[in-house]
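Following: one structure in structure tokens, then a few remarks.
The values are calculated or read from the model by the stated rules, or taken from the named source; none is laboratory data. Remember, it's a predicted structure, so these values are computed and weren't measured experimentally. Here the Cβ is made from the backbone with ideal geometry for all residues, glycine too, and neighbour counts use every protein chain on show.
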There are 2 protein chains.
Amino acid sequence: MRHICFLLIGTAAFSSGQVFTPSNPAALAARQYRQQHERPIVDEFISLLAIPNIASDGVNIKRNADFIAQMLQKRGITPRLITVPGANPVVFGEIKTPGATRTIVLYAHYDGQPLDPKEWATPPFTPALRDKQYEKDGQVISLPASGVRFNPEWRLYARGAADDKAPIVAIMAALDAIKSAGLKTKSNLKFAFEGEEEAGSPNFEKILAANRELFAGDVWLSCDGPLHQSRRQLLTFGDRGISTVDLTVYGPRGELHSGHYGNWAPNPAMMLARLLTSMKDDNGRVLIDHFYDGIEPLSESEKRAVAEAPDMGPELMRELWLGATENAPRKLAELITVPSLNIRGMASSRVGNQASNVIPATATATIDMRLVKGMKADQTANRFIEHVRRQGYFVVDHEPTAEIRLSHPKVAWIVRGHAENPHRLSMDLPVFQDVIRTVESARGPTVKTPNSGGTGPDAAGQTLGIPEVSVPIGNHDNNQHSYNENLRIQNLWDGIELMAALLTM
Amino acid sequence: MRHICFLLIGTAAFSSGQVFTPSNPAALAARQYRQQHERPIVDEFISLLAIPNIASDGVNIKRNADFIAQMLQKRGITPRLITVPGANPVVFGEIKTPGATRTIVLYAHYDGQPLDPKEWATPPFTPALRDKQYEKDGQVISLPASGVRFNPEWRLYARGAADDKAPIVAIMAALDAIKSAGLKTKSNLKFAFEGEEEAGSPNFEKILAANRELFAGDVWLSCDGPLHQSRRQLLTFGDRGISTVDLTVYGPRGELHSGHYGNWAPNPAMMLARLLTSMKDDNGRVLIDHFYDGIEPLSESEKRAVAEAPDMGPELMRELWLGATENAPRKLAELITVPSLNIRGMASSRVGNQASNVIPATATATIDMRLVKGMKADQTANRFIEHVRRQGYFVVDHEPTAEIRLSHPKVAWIVRGHAENPHRLSMDLPVFQDVIRTVESARGPTVKTPNSGGTGPDAAGQTLGIPEVSVPIGNHDNNQHSYNENLRIQNLWDGIELMAALLTM
């Protein structure tokens, strides 16, 4: 459900990939079943991946929905395509368990990020197995014969391999394993597979609101996103909110010769640099007044979870060629639980070979502020604007006229962009404690983050009042949202065991 | 000779254009002659402007040179084309005056700035007369019949109309006027018309060095550039120097998701903003250590000239939509006599609709520093680099490797660009005092600037040891270097009178 865009390419495996033996009987059964059915599981996955899944491609989206409906049908689940006018359908299925006192909704999405096929090493909808990561010279190999085991470090390359068709296939294999082992479900189960998440879920809340009963449940498990970089299972109980702004400041009406007017005409690039510098100190602390006001502190459990999260800092720094980090020595897991102010981009005239000897006419920065529970997106944008005012700027919400520019020494045009409030639920909720126990019985020690660093709508919570937790299965280095998206085979195997445990909790 | 790029469009006439009556007899004779020959003078100008004159267009450059050679020939001057291998020819001519004790070299250039014809309102090499500025709805009109006077506010549109074919035509008309009035030259005169100034004069110093005797003289009059914005005649005795740098700072190896890594991965745009802010205070003073060291103070004459220069500030601010200026209340004429630091452009990822939710990987600024006499271009670049070091950066002169980036908290790649030393000659030099007196007898009160705000090579001074002063004739709002370049007819008339005075001094 969250919009994640790991651009990390070629990340090393940070852990040894040692195999954990589950204490969960369904997970163990799933392992046995999978070891005997690796090829058919991957075959079904490949068939699903071969159907192009860009949300705007209605014809193929329909083919995906139909294929997934058939996957449910094969498992004895009556599929339904739920939609509203103009929307791609949510594929819905349900298992009613006699005597169940709990309903679990499993969410995933079957559409994928838009792409440019030219950037891909192999065509995005012709799934290719490689013997290791493409970035590490992984070569395309044939599928092993039926009955021959896969090397768990192999990777399957295709759009949607990780984000987010893998959980759908894992759920189906887990259902098969449960049935084959004669295990029973204890809860009612619902499956909701969205078809336009990567287009920003423009209709998902509408679909939920129009079908409250259908999607009702006690807990919503969002099977989307990647695992922690340590390869441990990740559980996430919320998202940071966001407030974005485009900020433009003004110099002369048009570019001026830097010789003839330099020192006299104000330089908007320098004005912008000064303004941006005023927003954050050397240590990464945001200097906007009241920016941190009202933040709800982490609970004891949340603090403990953050403290226990492995510190991937040194490995990530090596990977990212970083000689230092912001807010050091605080670790990443902690820093995503506090708000941030980030410059997405900055532009003023041209640089390098394209530069001319000018004083630029304007300078623009696009900024995102990530918010944590207790902050409001609109209020944060207001505080940002107030900060710019305090730096002496006359702030307008439209392109300033000549009159405005002439009558104020400094003018800033601020356009509010994306605004979404943060959300975070207590990991102490009994249903979440059940989920955590179940997940750990299948996958061993987890990483629990109070909120994701990214931003996502809290559709289940906001629309249905259902608590949501994210239980992803993809590898962290899956090139999600980028070219050469891939799933590490072991992540699919682990995902099947995880799903088997969750489906029987 | 200087690389000027007035991007001022639609500038109002700041003065009334009142007609001054020259005390100089040659200027007066030129006025009488011109009033009787307006159409043939403009016809010759149009013929010259109709020949395309981009320096890289060798065939047409040759046509220009031949045409100008014929113009000299018509005036009884034997033309010579002086060149070195690979260069466009300098058209050279000479008038030897018996008993003369002084040699004056008049310089102009016949090539024009490269252009994109699509940007022009009328084709750049089809000269068009307009009844006023194009930006003020000036319409194309027919040439008046021979004998009918031109409105002096009409404008002739073509590439090179102002920069820099006008002085060539003005000199020719002045020669005709002098002859017609039976006046005599008192000095030896030399004419040097360059054919690749707008390409950066790649061969001019070589041509001079190879022909020292030919170009030798007592004073070099550079007839290039525009007049002061007050429309008063401008005299300029030097240029600012320049030192440019491209400065790149680094964040993560590739763009990172701003949610997942914001607050932890250093943001290079913010680093650049902080670094740029450290270079200049709120009042426009450059904060680089020793930046202002060694500057040669203005002489009393220079200070007086600066004090007497009309302050065009309020009009320019209105024109440029500026509500404030840097270094206020100091005026532009003063500020170009001190060094400046200017951001030409700034870039980091993308902004506005193009922005993505990333922490950028790099941020780059291109910076120019304009230097005044006593400063050295190389030394200024060194001081800039030292300043960046003092802000905690490890500075490299090549793209930094992973090893370098991993072993330093902050890394900056600095590429040195254009470096040219400043030059400025004393306006008290006797030959300059003669020039000033002569110019003022033809054109009334002048504006004298110790140096241009821009940068130009001191070819005559460096190569030949000849003192050079700039005496331009173009209107300040000529769209030089841009599309719709134009010459105001009155500026041509004034230029002819100015040239007549200079040719007979």
Restricting attention to the stretch B:442-467, report how many residues are buried (at least 18 other Cβ atoms within 10 Å of the Cβ) and closer than 18 Å to B:Asn24 by Cα.
-> 3
Can you confirm whether the stretch B:107-121 contains a residue that is within 28 Å of B:Gln433 (Cα to Cα), touching a strand residue (DSSP E or B) at 6+ places or on another chain (Cβ under 6 Å) and aliphatic (A, V, I, L, M)?
-> yes
Look through the stretch B:130-148, keep the residues that are in contact (Cβ under 8 Å) with a residue 24 or more places away in the chain and out of contact with any Lys or Arg (no Cβ under 9 Å at 6 or more places or on another chain), and return whichever of them is nearest to B:Asn64 (Cα to Cα).
-> B:Glu135
Only listed residue being more than 18 Å from B:Met172 (Cβ to Cβ), of a type in the set (A, V, I, L, M, F, W, C) and out of contact with any helix residue (DSSP H, G or I) (no Cβ under 7 Å at 6 or more places or on another chain), chosen from B:Leu115, B:Leu72 | B:Leu115
Kindly indicate whether A:Arg383 is modelled with pLDDT of 95 or more, out of contact with any helix residue (DSSP H, G or I) (no Cβ under 8 Å at 6 or more places or on another chain) and surrounded by fewer than 17 Cβ atoms within 10 Å (Cβ to Cβ).
-> no
Breaking point among (1) farther than 22 Å from B:Gly160 by Cβ; (2) of a type outside the set (Phe, Trp, Tyr); (3) buried (at least 22 other Cβ atoms within 10 Å of the Cβ); (4) at pLDDT 95 or above, for B:Leu502 = (1)
Search the stretch A:400-422 for residues being in contact with an Asp or Glu (Cβ under 7 Å, 6 or more places away or on another chain) and closer than 26 Å to A:Pro450 by Cβ, and hand back the single one that is nearest to the other protein chains (Cβ to nearest Cβ).
-> A:Gly417
Take the stretch B:52-73 and flag every residue that is over 19 Å from B:Asn203 (Cβ atoms) and touching an Asp or Glu at 6+ places or on another chain (Cβ under 9 Å).
-> B:Met71
Inside the stretch B:137-170, the number of residues satisfying the requirement of being crowded, with 24+ Cβ neighbours inside 10 Å, in contact with a strand residue (DSSP E or B) (Cβ under 6 Å, 6 or more places away or on another chain) and either within 27 Å of B:Thr83 (Cβ to Cβ) or among the aliphatic types (A, V, I, L, M) (or both) is 9
How do the strands (runs of 3 or more DSSP E) wholly within the stretch B:158-266 filter down when requiring 2 or more residues that are not assigned by TED's automatic domain parsing to the domain that holds B:Ala69: which remain?
-> B:241-250
Meets criteria (touching a residue at least 60 places away in the same chain (Cβ under 8 Å) and closer than 23 Å to A:Glu198 by Cα) for A:Val42 | no
Are there any strands (runs of 3 or more DSSP E) wholly within the stretch A:22-135 with 2 or more residues that are touching a Pro at 6+ places or on another chain (Cβ under 8 Å), farther than 30 Å from A:Glu440 by Cβ and at pLDDT 95 or above, and if so which?
-> A:80-82
Across the stretch B:220-253, what is the total count of residues that are out of contact with any Phe, Trp or Tyr (no Cβ under 9 Å at 6 or more places or on another chain) and either at the interface with another protein chain (Cβ under 9 Å from one of its Cβ atoms) or without any contact (Cβ under 8 Å) to a residue 40 or more places away in the chain (or both)?
-> 5
When the stretch A:444-485 is examined, which residues are found to be under 15 Å from the mean Cα position of the chain (by Cα), of a type in the set (Ser, Thr, Tyr) and not in a loop (DSSP other than H, G, I, E, B)?
-> A:Thr449, A:Ser452, A:Ser470
Within the stretch A:192-202, identify whether any single residue is over 21 Å from A:Arg63 (Cβ atoms) and at pLDDT 95 or above, and answer yes or no.
-> no
Looking at the stretch B:28-68, which of its residues are over 19 Å from B:Pro114 (Cβ atoms), small (Gly, Ala, Ser) and buried (at least 20 other Cβ atoms within 10 Å of the Cβ)?
-> B:Ala29, B:Ala30
Whichever residue in the stretch A:389-419 is closer than 30 Å to A:Gly238 by Cα and either of a type in the set (A, V, I, L, M, F, W, C) or touching a helix residue (DSSP H, G or I) at 6+ places or on another chain (Cβ under 6 Å) (or both) and, among such residues, is surrounded by the most Cβ atoms within 10 Å (Cβ to Cβ) | A:Ile414
Taking A:Leu492 and the conditions (1) within 14 Å of chain B (Cβ to nearest Cβ); (2) surrounded by 22 or more Cβ atoms within 10 Å (Cβ to Cβ); (3) not β-branched (Val, Ile, Thr), which numbered condition does it fall short on, given that it satisfies the others?
-> (1)
Taking the stretch A:434-471 as the search range and keeping residues that are polar (S, T, N, Q) and away from every other protein chain (no Cβ under 14 Å), which one is nearest to A:His418 (Cα to Cα)?
-> A:Gln462
Scan the stretch B:205-218 and give yes if some residue there is closer than 19 Å to B:Leu72 by Cα, buried (at least 23 other Cβ atoms within 10 Å of the Cβ) and at pLDDT 95 or above, otherwise no.
-> yes
Mind counting the residues in the stretch A:259-278 that are touching a residue at least 24 places away in the same chain (Cβ under 8 Å) and farther than 27 Å from A:Ile367 by Cβ?
-> 3
B:Ala273 being surrounded by fewer than 21 Cβ atoms within 10 Å (Cβ to Cβ) and either touching a helix residue (DSSP H, G or I) at 6+ places or on another chain (Cβ under 6 Å) or among the basic types (Lys, Arg) (or both) | no
Scan the stretch A:54-68 and give yes if some residue there is without any contact (Cβ under 8 Å) to a residue 12 or more places away in the chain and on the phi > 0 side of the Ramachandran plot, otherwise no.
-> no
Please specify each residue of the stretch A:244-267 satisfying the condition of being polar (S, T, N, Q) and farther than 9 Å from B:Ser340 by Cβ.
-> A:Thr244, A:Thr248, A:Asn267
